[in-house]
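Working notes for the structure below.
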Amino acid sequence: MDFFETVKSRHSIRAYRQEPIPAGTLDQILEAANLAPSAGNLQAFEIYVVTKAALRQQLADAAGGQGFLSGAAAILIFAAHPERSAVRYGRRGSRLYAVQDATIACAYATLAATAAGLGATWVGAFQEQAVRDVLDLPEEMVPVALLPMGFPAEEAVVRPRRQLSDLVHTIG
């Protein structure tokens, strides 16, 4: 799929067929996330892959009962690794750059999933400590985004976007 077609085709999908994601496809998605730019190329994030049904249900509970998470074939959890960025960038690295690194990697994974014919949706509403507990993450790791994905079992709802004239401001 052409890049711009991929971007236009990406929509939030919250219903998935009960079909596993082929290992090669998941590997391609993870490789795309790994290729995302990061501050100082430090890649101050980790990706946790959850496919077990019981853990997906626990993540759904940690996300305020967003049940669609449990129906995904896999959930990728993107966690910032603040200490990794702080080594070079201090407080700004630990508080901002590590989060940016994790979020751009999640965006790349979302587009890669779309290009592979999968549906996904970014989930940011969850209890951070509850996700940490489900995954047994060290305290220094900061869960930033959950990315449930699978083969779509629903048609995408195309929502209106802001006009560029309302969004873009040219200065100078």
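Legend: ranking of residues Thr6, Thr110, Thr121 from fewest to most surrounding C-beta atoms inside 10 Å; resulting order Thr6, Thr121, Thr110. The HN-Hα couplings worked out from phi for the range 88-95 by the Karplus form 6.51 cos²θ - 1.76 cosθ + 1.60 (θ = phi - 60°) are 9, 10, x, 4, 4, x, 6, 8 Hz, whole numbers, x standing for Gly and Pro. Each residue in Ile29, Ile21 was given a count of other beta-carbon atoms within 10 angstrom of its own, and listing them fewest first yields Ile21, Ile29.
Taking the Cα centre of the range 54-130 as origin and charging only Cβ (+1 Lys, Arg; -1 Asp, Glu), how large is the dipole, in debye to the nearest 20? Before the final figure, lay out the partial values.
Values: 6 positive and 4 negative charges, 65 e Å.
Using only the charged Cβ atoms, the result is roughly 320 debye.
For the residues Arg92, Arg17, Arg159, a GNM of the chain with alpha-carbon springs under 10 Å puts the largest fluctuation on Arg159. Normalising the average separation of contacting C-alpha pairs (under 8 angstrom, six or more residues apart) by the number of residues puts the relative contact order of the range 32-126 at 37 percent. The alpha carbon centroids of the range 91-111 and the range 1-31 are separated by 20 Å. Neighbours of Ser94, meaning other residues whose beta-carbon lies under 14 angstrom from its beta-carbon, give a summed charge of +1 when Lys and Arg score +1 and Asp and Glu score -1. Panel order for Leu135, Leu147, by other beta carbons found within 10 Å of each beta carbon, from fewest to most: Leu135, Leu147. Rounded, prolate or oblate for the range 16-172? Axes are the square roots of the Cα gyration tensor eigenvalues, ordered a ≥ b ≥ c, and the cut-off for rounded is a/c under 1.5. Taking the square roots of the gyration eigenvalues as a ≥ b ≥ c, the range 16-172 is oblate. GNM on the chain, alpha-carbon springs under 10 angstrom: the most fluctuating residue among Arg91, Arg162, Arg132 is Arg162.
Quick note: the coordinates plus some simple rules give every number you see, no bench work behind them. This structure is a prediction, so every number in the text was calculated from the model and none was measured. No Cβ is skipped: glycine too gets one built from the backbone with ideal geometry, and neighbour counts run over all protein chains shown.
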